[in-house]
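**Student:** For reference, the structure I am asking about is given below.
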Amino acid sequence: MAYPGSPKARELVTSSLLSVAALAVNQLEGLFPYPLPGIKLGLANAFALSAFSLFGIRAAAAVNLTRVLLSGLLFVGFGLAFLCSLFGVLAALATLCLLGRLYPRSISARGIAQAQAMAFNAAQLAVVSTAVSSTEVFLHYLPVMALASLVTGLATGTASELICSLARRSGLG
């Protein structure tokens, strides 16, 4: 069944649904314990990556920035956690801009998600290192975060592929 209406209306509806889903998943992930501080699966990014696959970079930016802003407004406030998320998302979007041109010809959603996770984690570490005035935090924790990015990016990219498949089958993509 195709979504009735213009392609712009379909994009708006789908991006809105992806934003709400990303916010919900982001909050649900916060209920589970982290193996190490700052490391979580990051499945909320799967919704932004899906928006990119379906509609392009502007939709991905809208989904991710809406999620971060609403999360700050409704749940965490605008302190250090918000800054980590905001700068992480900006770094992930910059990575998406660079690598998105290769998708899907030369790089998969999983590869993009892994690179985005690495960029997100590096930006997050930079924010924390600046907040505590210590480059040692960044240098010592970066290899751990890079390794975690490979695993979490694989999961996020796989989730994005499933979301895109469901959106296309339902006529929303």
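The values are calculated or read from the model by the stated rules, or taken from the named source; none is laboratory data. Please read all numbers here as calculations on a predicted model, not as lab measurements. Neighbour counts run over all protein chains shown; Cβ positions are idealised from the backbone, glycine included.
**Student:** Tally the residues that are over 17 Å from the mean Cα position of the chain (by Cα) and crowded, with 18+ Cβ neighbours inside 10 Å, restricting the search to the stretch 98-126.
**Tutor:** Count: 1.
**Student:** When only residues in the stretch 148-173 that are of a type in the set (Ser, Thr, Tyr) and over 14 Å from the mean Cα position of the chain (by Cα) count, which is nearest to ALA109 (Cα to Cα)?
**Tutor:** SER165
**Student:** Of the residues ALA91, ALA126, which is more than 19 Å from LEU41 (Cβ to Cβ) and modelled with pLDDT of 95 or more?
**Tutor:** ALA126
**Student:** Being in contact with a Phe, Trp or Tyr (Cβ under 7 Å, 6 or more places away or on another chain) and at pLDDT 95 or above is the filter here, so list the residues in the stretch 137-173 that pass it.
**Tutor:** Across the stretch 137-173, the qualifying residue is only ILE163.
**Student:** Can you name the residue in the stretch 148-173 that is among the polar types (S, T, N, Q) and surrounded by fewer than 20 Cβ atoms within 10 Å (Cβ to Cβ) and is also farthest from ASN45 (Cα to Cα) among such residues?
**Tutor:** The selected residue is SER170.
**Student:** Moving on. Does at least one position in the stretch 31-41 carry a residue that is surrounded by 16 or more Cβ atoms within 10 Å (Cβ to Cβ), under 22 Å from LEU99 (Cα atoms) and either out of contact with any Leu (no Cβ under 9 Å at 6 or more places or on another chain) or at pLDDT 95 or above (or both)?
**Tutor:** Among the residues of the stretch 31-41, at least one is surrounded by 16 or more Cβ atoms within 10 Å (Cβ to Cβ), under 22 Å from LEU99 (Cα atoms) and either out of contact with any Leu (no Cβ under 9 Å at 6 or more places or on another chain) or at pLDDT 95 or above (or both), which makes the answer yes.
**Student:** Considering the stretch 110-134 alone, what residues qualify as being closer than 13 Å to ALA92 by Cα and among the small types (Gly, Ala, Ser)?
**Tutor:** Passing the criteria: GLY111, ALA113, ALA115, ALA117, ALA119, ALA122, ALA123.
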